[in-house]
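The values are calculated or read from the model by the stated rules, or taken from the named source; none is laboratory data. Only a predicted model underlies this, so the values are computations on that prediction, with no experimental measurement involved. A quick note on method: Cβ atoms are made from the backbone with ideal geometry, for glycine too, and the neighbour counts reach across all protein chains shown.
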Amino acid sequence: MAAAEFETPKIREYPIIPRLQEGVMAHSKPYVAKPDFQEKLGYPGELVDNWKEVAIEKMGELTGKYRSLQVFLDSCVKCGACTDKCHYYLGTSDPKNMPVARQDLFRKVYRRYYTLSGKLFPKLVGAEDLTEEVLDDWYSYFHQCSQCRRCSVYCPYGIDTAEISMAAREVMDAVGKGQKYCNEIIGKVHVIGNNLGLPEPALADTLEGLEEDVEEETGVQVRFPLDEKGAEVLLVTPSADFFAEPHIDGLIGYAKVFHQAGISWTLSSYASEAANFGMFIGSYENMQKLALRIRQAALDLGVKRIVFGECGHAWRVAYSFLNTLAGPFDFLDPDYPVPQHICEVTHGLIEQGKLTLDPSQNDDMVLTYHDSCNVARASRMGDRPGGQFEIPREVIRSVCNHYVDMPSYSIGEGTYCCGGGGGLLTDDLIELRVKGALPRMEALKNVVDDYGVTHMAAMCAICKSQFSKVFPYYDFQMDQVVSVHQLVGNAIVLQPEEENRSEADQSEEAQDQAEAA
Amino acid sequence: MALEVNGKSFETDEEGYLANLNDWQPELADAMAEADGAELGENHWEVINFLRSYYEEYQIAPAVRVLTKAIGKKLGKDKGNSKYLYELFPYGPAKQACKYAGLPKPTGCV
């Protein structure tokens, strides 16, 4: 745990395209997964002897299975629009972190084995044999892509480097060269149900502790139910929400929202993880296996709704793929979206006036909001385009008096990744994480200096952990990142149990009367 | 990788976490701290001992909040916060203290 040996980039007033430094990040590689972790996911334990054949065959299988992948590989015209859009390129200066160059690592091999011109005249069309060197480059640079999709926004063809990274990682898994961080974690979820490996008794103990804490603080018994059959809502949230800070303050916020709205809810010890690392490694099978746990838990507990907590790529998988992976969800209440995001729930309750809020409880902070990449560019919220940007901001503005956005190029659709997404949130990649955070840190510094921003809210477990870790490198404090629902939780004015219940009853009665009339 | 203590060799993973939980002995924690340029005092040991007993019961390290609460009860309320724990373990109470206590590294989005 010696101090990492690299220089933290200097914060400038706005991102400047750096001078190229070839190969400067070639050394950055995550630990390779141990045979045990590999085999649990159905991959070879270590690099197989005939890895070249296996890799090329797998590549063909993937381009055949995923039409998008082949289109992405075929359609690049080298226009250069993506070159300065990747936070890892901006932070490291390594030209292989330009999205087009990253794609080309995969594309050149695809051309060599799967296109006529590449088979006949490889040199003329930039086609190359798959060699050990190429595999090495793949391992390094496909683990320097956080699959945030920022580059795809600026690509005139919409080429998505994230999908190419996922495919490359899947090929590497197939030949026995997987990444330790992701694969160890996926294995844990298959057995225990969450990324942390948090067993049911520990989860129960943690939740019990939270009930005590909230009661001590507010005088109100707010429940954190676990495995309660017949609850209306199953909340699926990243296990970091049980473990880390400021994540756990977000969990307290969800509980207060459900409590005050009178919605019965439960967590599941079987599906105690929202995150789905199967996506990071491009593995449909693993992604599906993880998603099916959520379906199973919903069936076992007999819930009517599934709500997801604050987790970026979990929401991508949930919003975009859950129905395909684990549907149909015809056993759930059709009056609610399947699944629903906790911000949508809170937003709806605020609009209906069902939450009593005192924004001055957050007056010690001036806030800004970091759009998480997978929420921003791979999903939506609510029933209108751009809802994924507006809904979280509307929630924050309802519970805080002081809010400022970061510069427009760095938010919304153009948001910068935190630097730790896509399965890179591991200590062995700390240099990459620190450098990749540079564009976000510059945008944050901007509003800190100009508007006195003191805290940045985030809505993804990875973003929260990443910022807590890298803030000190840029002279911010680790506790300057907060959960969105931490702010909600601070602002909710809880009333003693009885009063609350009678109010809920009254509003129900009023509704019944209105309907009868 | 391995760690040498009292003439004996203990297997660790790439990041220096003990491979076998049962190998743990206090001298190992001291050796790990020394390698990080730190020295373990009484309060470090309170944390390490709590981690070990929690792990024994639950097979997982405690949540940061569970840990801060427990340390607050033992060492006084002013020390029951993550700021104090970060003073003790600058690389993070969850990871650095777990390592010294011989526990596996917490995984996930933490």
Search result, residues across the range A:260-286 that are in a helix (DSSP H, G or I) and crowded, with 23+ Cβ neighbours inside 10 Å: A:ASN286
Need the failing condition index for A:LEU198 against (1) away from chain B (no Cβ under 11 Å); (2) hydrophobic (A, V, I, L, M, F, W, C); (3) in a loop (DSSP other than H, G, I, E, B); (4) under 23 Å from the mean Cα position of the chain (by Cα), just the number. (1)
Which residue out of A:LEU301, A:LEU235 is surrounded by fewer than 24 Cβ atoms within 10 Å (Cβ to Cβ), more than 14 Å from chain B (Cβ to nearest Cβ) and either farther than 30 Å from A:TYR139 by Cβ or hydroxyl-bearing (Ser, Thr, Tyr) (or both)? A:LEU301
What's the number of the only condition in (1) within 11 Å of another protein chain (Cβ to nearest Cβ); (2) within 30 Å of A:GLY187 (Cα to Cα) that B:ARG52 fails to meet? (1)
Any idea which residue in the range A:146-160 is surrounded by the most Cβ atoms within 10 Å (Cβ to Cβ), counting only those that are among the polar types (S, T, N, Q) and under 14 Å from A:GLY421 (Cβ atoms)? A:SER146
Do you know which of the residues in the range B:21-39 that are within 14 Å of another protein chain (Cβ to nearest Cβ) and surrounded by fewer than 19 Cβ atoms within 10 Å (Cβ to Cβ) is nearest to B:LYS95 (Cα to Cα)? B:ASP36
Of the conditions (1) of a type in the set (Gly, Ala, Ser); (2) assigned to a loop (DSSP other than H, G, I, E, B); (3) within 22 Å of A:HIS27 (Cβ to Cβ), the single one that A:SER140 does not satisfy is (2)
For the range A:446-467, how many residues are within 14 Å of chain B (Cβ to nearest Cβ) and surrounded by fewer than 22 Cβ atoms within 10 Å (Cβ to Cβ)? 0
From A:ASP160, A:ASP173, which residue is acidic (Asp, Glu) and within 18 Å of the chain's Cα centre (by Cα)? A:ASP160
Select from the range B:58-92 the residues that are hydroxyl-bearing (Ser, Thr, Tyr), within 11 Å of another protein chain (Cβ to nearest Cβ) and in contact (Cβ under 8 Å) with a residue 12 or more places away in the chain and list them in ascending order. B:THR68, B:SER82, B:TYR91
Unique residue being under 24 Å from A:ARG433 (Cα atoms), modelled with pLDDT of 95 or more and either surrounded by 24 or more Cβ atoms within 10 Å (Cβ to Cβ) or within 13 Å of chain B (Cβ to nearest Cβ) (or both) when the list is A:GLY209, A:GLY178: A:GLY178
Looking for something within 24 Å of A:ILE462 (Cα to Cα) and buried (at least 24 other Cβ atoms within 10 Å of the Cβ) - is there at least one such residue anywhere in the range A:120-138? no
At least 2 residues that are over 18 Å from the mean Cα position of the chain (by Cα) and buried (at least 18 other Cβ atoms within 10 Å of the Cβ) in each: list the helices (runs of 4 or more DSSP H) lying fully within the range A:364-443 that qualify. A:387-399, A:430-436
